[in-house]
1. Pull up segment 2-27, narrow it to residues that are under 17 Å from D67 (Cα atoms) and within 18 Å of the chain's Cα centre (by Cα), then point me to the one that is farthest from the ligand (Cβ to nearest atom).
2. Return yes or no: is L103 open to solvent by 40 Å² or more (accessible area, probe 1.4 Å), over 19 Å from P161 (Cα atoms) and not small (G, A, S)?
3. Go through segment 119-167 and give me each residue that's of a type in the set (V, I, T) and in contact with a helix residue (DSSP H, G or I) (Cβ under 7 Å, 6 or more places away or on another chain).
4. Can you pull out every residue in segment 44-71 that is within 13 Å of the ligand (Cβ to nearest atom) and either touching a helix residue (DSSP H, G or I) at 6+ places or on another chain (Cβ under 7 Å) or open to solvent by less than 10 Å² (accessible area, probe 1.4 Å) (or both)?
5. Right, R151: among the basic types (K, R) and farther than 21 Å from D77 by Cβ or not?
6. Is it the case that A119 is hydrophobic (A, V, I, L, M, F, W, C) and in contact with a strand residue (DSSP E or B) (Cβ under 9 Å, 6 or more places away or on another chain)?
7. Could you please let me know if N129 is of a type in the set (S, T, N, Q), away from the ligand (no atom under 16 Å from the Cβ), assigned to a loop (DSSP other than H, G, I, E, B) and surrounded by fewer than 18 Cβ atoms within 10 Å (Cβ to Cβ)?
Amino acid sequence: MATLQLKNLKKVYDGGVVAVHGFNIDIKDGEFIVLVGPSGCGKSTTLRMVAGLEDISDGTLMIGDKDCTHLAAKDRDIAMVFQNYALYANMTVYENMAFSLTLRKDNPEDIHKKVMNAAEILGLTNQLNKKPRELSGGQRQRVAMGRSIVRNPKVFLFDEPLSNLDAKLRNSMRREIKLLHHRLGTTMIYVTHDQTEALTLADRIVVMSMGRVQQIGTPYEVYHKPANAFVGYFIGNPSMNFFECRVEGDKLVGKNNFVYQLDADEQAALASRNGNPILMATRPECITLDGEHEYQVDLVEHLGQYSLIHGTMHGYHTIIKVLGWQKIEHGSTIHVGFRKEKVCFFDIDNGARIGG
Ligand code: ADP
């Protein structure tokens, strides 16, 4: 197990593309870190720099007390699990899991113990004589993890390991990875574009956009206190609702006579913005079906436990998420309000959060 320290890690590809601009984080021993962001934001590049699969253009990478910035991948004591499991088709599950140990000529008894232990952890004990083609996608992914576990690495890296699986299997493998982390207690860094995986797996989430870290925080912090409008938009499904308005004394005034009454704390937070435009934002579940704002319903989606209502409030497209099978007709007009403690404000130009 190990701590990691990424200090100002930067990647410039040939041709001058800056894929990662100065990435900083101190990762605790045994921590589960998830890097999340849209395609092309630099998450895989960051992971590959940690793995040693990509040169580090600038900055320092420490694993434990060791400077690994320019160390070869094989000397970093790291195991990486990929999206395509890259199993050897002609080898059994046992042989696939034993492969790296056999290659480095470990003691056969030792190898056997490690493979059996990994198989036990992953529930593969009854599959050891099968070939990969006889396994389901989920089992293959487990074998890929087993290959890493036998090496007892200091750090596990996962690059979108679940993206090839169907939705149900993805959910169950996600839980298995979390349980695996509980069992092994090894430091893990996991890359995904899926905000649900980030929220459910991480001890801390790193949200990235365009090669830059936007926020590092616990799932709770990132969800409830997004550092900027991008994080608010990217984390959470459906996304936050945004309302462009102007601060006018003790009110926010928006389009089509939208007025939001500020309480004392909100007024204090926005005092320096008086007369200026800002973004007000709130999550779909923080809009209530009682209040003074007229809302035109375009569409209701029933998802079993809750319903999503799509429509407009004072001309702003707004999504509402409410518990239960709501009997609301499309085309109807309802009245809605805000859960005040859940409203956020962002700077209109740079998106930074305003207030605490
Ligand atoms: P993500 O994993 O978040 O989808 P990547 O780290 O793969 O993003 O890519 C980040 C940026 O770096 C993108 O703009 C991508 O086009 C660019 N990039 C990735 N690999 C290379 C490469 N080998 N050469 C040049 N540019 C690359």
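The values are calculated or read from the model by the stated rules, or taken from the named source; none is laboratory data. All values reported here derive from a predicted model rather than from experimental measurement. Cβ sites come from the backbone with ideal geometry, for glycine too, and all protein chains shown count toward neighbours. In case anyone asks, the SASA skips ligands and DNA or RNA and just uses the protein heavy atoms, side chains included. Shrake-Rupley method; radii C 1.70, N 1.55, O 1.52, S 1.80 Å.
1. Result: D26.
2. Numbers: open to solvent by 40 Å² or more (accessible area, probe 1.4 Å): yes; over 19 Å from P161 (Cα atoms): yes; not small (G, A, S): yes.
Yes; evaluated as a whole, the condition is true for this residue.
3. Step one: list which residues in segment 119-167 are of a type in the set (V, I, T), which gives 121, 125, 143, 149-150, 155.
Correct list: I121, T125, V143, I149, V150.
4. Filtering segment 44-71 down to residues within 13 Å of the ligand (Cβ to nearest atom) leaves 44-51, 53-55, 57.
Listed by number, the residues that qualify are T46, L47, M49, V50, A51, L53, E54.
5. On the way: among the basic types (K, R): yes; farther than 21 Å from D77 by Cβ: no.
No: the conditions fail for R151.
6. Values: hydrophobic (A, V, I, L, M, F, W, C): yes; in contact with a strand residue (DSSP E or B) (Cβ under 9 Å, 6 or more places away or on another chain): no.
Considered against the rule, which asks whether it is hydrophobic (A, V, I, L, M, F, W, C) and in contact with a strand residue (DSSP E or B) (Cβ under 9 Å, 6 or more places away or on another chain), A119 comes out as no.
7. Values: of a type in the set (S, T, N, Q): yes; away from the ligand (no atom under 16 Å from the Cβ): yes; assigned to a loop (DSSP other than H, G, I, E, B): yes; surrounded by fewer than 18 Cβ atoms within 10 Å (Cβ to Cβ): yes.
Considered against the rule, which asks whether it is of a type in the set (S, T, N, Q), away from the ligand (no atom under 16 Å from the Cβ), assigned to a loop (DSSP other than H, G, I, E, B) and surrounded by fewer than 18 Cβ atoms within 10 Å (Cβ to Cβ), N129 comes out as yes.
Every residue, every condition in (1) part of a helix (DSSP H, G or I); (2) open to solvent by 20 Å² or more (accessible area, probe 1.4 Å); (3) among the acidic types (D, E); (4) over 17 Å from A352 (Cβ atoms), yes or no:
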position: Y223; (1), (2), (3), (4): yes, yes, no, yes
position: P226; (1), (2), (3), (4): no, no, no, no
position: G232; (1), (2), (3), (4): yes, no, no, no
position: S239; (1), (2), (3), (4): no, yes, no, yes
position: L252; (1), (2), (3), (4): no, no, no, yes
position: Y260; (1), (2), (3), (4): no, no, no, yes
position: L270; (1), (2), (3), (4): yes, no, no, no
position: L279; (1), (2), (3), (4): no, yes, no, no
